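Structure first, then comments.
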């Protein structure tokens, strides 16, 4: 018997897309306007993704796996995101 691969679905049980992890539109508008709290929320929302992009798997000398995040890469990505927030056009992203 073949095992089924469990994939995370972007759809909830009713078949509709699950948008619960999206930032509220008001937060996006406030971040575009320069609100520091809203910008922080945007950075916090994308923090896990940035860490994945800035991270790297490795193997230690004794054979154990580890994951290391390059802090410089992660900070560069956060700065790039902050610089692009004011240029974001919500009407274009739909």
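The values are calculated or read from the model by the stated rules, or taken from the named source; none is laboratory data. Keep in mind that what you see is a predicted model, and the values were worked out from it rather than measured. Every residue, glycine as well, gets a Cβ built from its backbone with ideal geometry; the counts of neighbours run over all protein chains shown.
With respect to (1) in a helix (DSSP H, G or I); (2) farther than 23 Å from residue 21 by Cα, the lone exception for residue 57 is condition (1). Of the residues making up region 22-39, those that are in a helix (DSSP H, G or I) and either in contact (Cβ under 8 Å) with a residue 60 or more places away in the chain or surrounded by 13 or more Cβ atoms within 10 Å (Cβ to Cβ) (or both) number 9.
So, residue 19, is that one loosely packed, with under 10 Cβ neighbours inside 10 Å, touching a strand residue (DSSP E or B) at 6+ places or on another chain (Cβ under 6 Å) and either at pLDDT below 90 or part of a loop (DSSP other than H, G, I, E, B) (or both) or not? In short, no.
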